[in-house]
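What follows is a set of notes on a single structure, which appears directly below.
The values are calculated or read from the model by the stated rules, or taken from the named source; none is laboratory data. As the structure is a prediction and not an experimental result, all values here were calculated from the model. Cβ placement follows ideal geometry from the backbone for every residue including glycine, while neighbour counts extend to all protein chains displayed. Each accessible area value is taken on the protein alone, full model and side chains, heavy atoms only, with ligands, DNA and RNA left out. Shrake-Rupley method; radii C 1.70, N 1.55, O 1.52, S 1.80 Å.
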Amino acid sequence: MSGLESLRQLLRQVHHARPEDLPQMAMRVAPQMDATALVIYLVDHQQRRLLPLPGGNSPARTPIGINDTLAGRAYSTVTTCTAASDDGGQRVWVPLVNGGERMGVLEVVADHPLADETVEECGEVASLLAELVVTRSFYSDTIERTRRREPMRLAAEMLRAQLPPLTFSTGHLIISGILEPCYDVGGDAFDYAVNGDTAHLALFDAAGHGSAGGMRAVVLASIALAAYRNARRAGLDLTATYHHIDQAVRDHDRFGMITAVLAELDQRTGVLQVISAGHPSGIVLRHGKVVKVLPTPTALPVTLGDRRPPVVVEEALEPGDQVLLYTDGIIEARTPDGETFGVDRLVDFATRALADQLPPPETARRLVHAILEHQDDCLQDDATVLLAQWRSPAPPHSDMETLEAPPHHPLDVQP
């Protein structure tokens, strides 16, 4: 049978499926893929391990590390990887990707080598399974429980529920963010949206990490996120958006303080507009080199915005350019001896990642892990990265559907 029939079978079952049913659903379509088993693995929140999703008659599996494994390579590079089995069969590792976000991998087990066409069809089935992982997680805690490797503190629970998916792609642009520590965040947050030809990017760092378990900082960051989305959806420009956020946070807590960077990118022209409100400067990378360090500050931190008008900086990007925005937890991470990670080390890491041609989400993952390693996995402050790569100009008068993140929408596949 064809991969199309496998998709049809999955679609017939999806409307009443729970997350616990997905492993069994995958196993049911395995024979149609000329395979003996399809096994779903989900990535943990720290993106260090791939964790099997148990259920039904799915074969028992143990977690797999992302570094130095074939399954991890499929996840990291977002490419299908194959390997021959000792018994003459084959294993195929297919990335589970939804809207650009890497959800995990699909293991395809066969007792003989699979035809190239069948391997391609495995990718189509994996795309639908990734979509089902996302949509089913809206109605159950099973997916979330599987991805957690330790308890999550209340402040982190509250903030993470408000973040968009870690990665999103329009084809002309890819955006990827990551925040650490996963289970005990302070006041860092990021957001983005793609509306028509305009990509909106924002990064926030609220003061008050140590107060009441980080809740004060998280409340401030939550207000900033809500005000940012409120202004964006009302069609306000970048300057008006800054003032809207500033007023909203000040109305709640006049002594609160948030540094922020707000940016808009025109996907047709590559023109980037940025307001840096007391925030660390972002950098523009091109052909493996830093070509621009964005000016900072161009505005006062949030709650001080009534004292001085913001300045909007413009930068013309070229196709392939990457814009790296980060919080001070990145460059201020310290070793036990007090050595900071620093801007120079950040730039060196980013340029090496470009030279290795890593996908933006993998660059962000490895950067934050490098920060954790530098500080012996014990961050003193949140470390947050937002990386955007402008791949190519969008066509004039683009008819792209307006997309915001979140939510995701179910895959529209016609049987």
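Tabulated results
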| read-out | value |
| --- | --- |
| Count - residues of the stretch 156-184 that are in contact with a His (Cβ under 9 Å, 6 or more places away or on another chain) and at pLDDT below 90 | 3 |
| Pairs, first over 14 Å from Thr303 (Cα atoms) and free of Cβ contacts under 8 Å to residues at least 60 places away in the same chain in the stretch 217-245, second assigned to a helix (DSSP H, G or I) and of a type in the set (Ser, Thr, Tyr), C-beta under 6 Å, six or more apart | Ala231/Thr241 |
| Number of the condition not met by Leu238 [criteria: (1) in contact with a strand residue (DSSP E or B) (Cβ under 7 Å, 6 or more places away or on another chain); (2) within 22 Å of Arg365 (Cβ to Cβ)] | (2) |
| Cβ pairs under 7 Å, 6+ apart, first in the stretch 136-148 and free of Cβ contacts under 8 Å to residues at least 40 places away in the same chain, second open to solvent by 30 Å² or more (accessible area, probe 1.4 Å) | Glu144/Ser137 |
| Criterion (open to solvent by less than 10 Å² (accessible area, probe 1.4 Å) and not hydrophobic (A, V, I, L, M, F, W, C)) met by exactly one of Asp306, Asp321 | Asp321 |
| Residue list for the stretch 130-162, filter: in a loop (DSSP other than H, G, I, E, B) and over 19 Å from the mean Cα position of the chain (by Cα) | Tyr139, Ser140, Asp141, Glu150, Pro151, Arg153 |
| Residue match in the stretch 20-36 (condition: assigned to a strand (DSSP E or B) and either aliphatic (A, V, I, L, M) or open to solvent by 10 Å² or more (accessible area, probe 1.4 Å) (or both)) | no |
| The stretch 104-115 residues that are buried (at least 20 other Cβ atoms within 10 Å of the Cβ), paired with ones that are of a type in the set (Lys, Arg) and assigned to a loop (DSSP other than H, G, I, E, B) (beta carbon under 9 Å, 6 or more apart) | Glu107/Arg61 |
| Residue list for the stretch 135-184, filter: under 30 Å from Gln322 (Cβ atoms), small (Gly, Ala, Ser) and buried (at least 18 other Cβ atoms within 10 Å of the Cβ) | Ser137, Ala156, Ser169, Ser176, Gly177 |
| Verdict on Glu120 being in contact (Cβ under 8 Å) with a residue 24 or more places away in the chain, more than 21 Å from the chain's Cα centre (by Cα) and open to solvent by 10 Å² or more (accessible area, probe 1.4 Å) | yes |
| Within the stretch 46-76, considering residues that are of a type in the set (S, T, N, Q) and surrounded by 15 or more Cβ atoms within 10 Å (Cβ to Cβ), the one farthest from the chain's Cα centre (by Cα) | Ser58 |
| Residues of the stretch 340-352 satisfying the condition of being over 22 Å from Asp381 (Cβ atoms) and either of a type in the set (Phe, Trp, Tyr) or open to solvent by less than 50 Å² (accessible area, probe 1.4 Å) (or both) | Thr351 |
| Check on Val302, touching a strand residue (DSSP E or B) at 6+ places or on another chain (Cβ under 7 Å) and closer than 21 Å to Ala388 by Cα | no |
| Count of the stretch 185-237 residues which are in a helix (DSSP H, G or I), surrounded by fewer than 20 Cβ atoms within 10 Å (Cβ to Cβ) and at pLDDT below 95 | 4 |
| Filter result for the condition that a residue is at pLDDT 95 or above and either surrounded by fewer than 17 Cβ atoms within 10 Å (Cβ to Cβ) or of a type outside the set (Gly, Ala, Ser) (or both), over Leu129, Leu96 | Leu96 |
| Residue, farthest from Arg391 (Cα to Cα), within the stretch 309-318, restricted to residues that are open to solvent by less than 60 Å² (accessible area, probe 1.4 Å) and within 28 Å of the chain's Cα centre (by Cα) | Val312 |
| Options Phe190, Phe138: the member that is more than 16 Å from Val97 (Cβ to Cβ), touching a Ser or Thr at 6+ places or on another chain (Cβ under 8 Å) and aromatic (Phe, Trp, Tyr) | Phe190 |
| Matching residues, the stretch 102-129, being among the acidic types (Asp, Glu) and in a helix (DSSP H, G or I) | Asp116, Glu117, Glu120, Glu121, Glu124 |
| Hits in the stretch 238-292 - residues which are outside any strand (DSSP E or B), open to solvent by 60 Å² or more (accessible area, probe 1.4 Å) and of a type in the set (D, E, K, R) | Asp251, Arg254, Arg268 |
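Yes or no, residue by residue, for (1) closer than 30 Å to Arg8 by Cα; (2) open to solvent by 20 Å² or more (accessible area, probe 1.4 Å); (3) at pLDDT below 80:
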residue	(1), (2), (3)
Leu367	no, no, no
Leu372	no, no, yes
Leu387	no, no, no
Leu403	yes, yes, yes
Asp412	yes, yes, yes
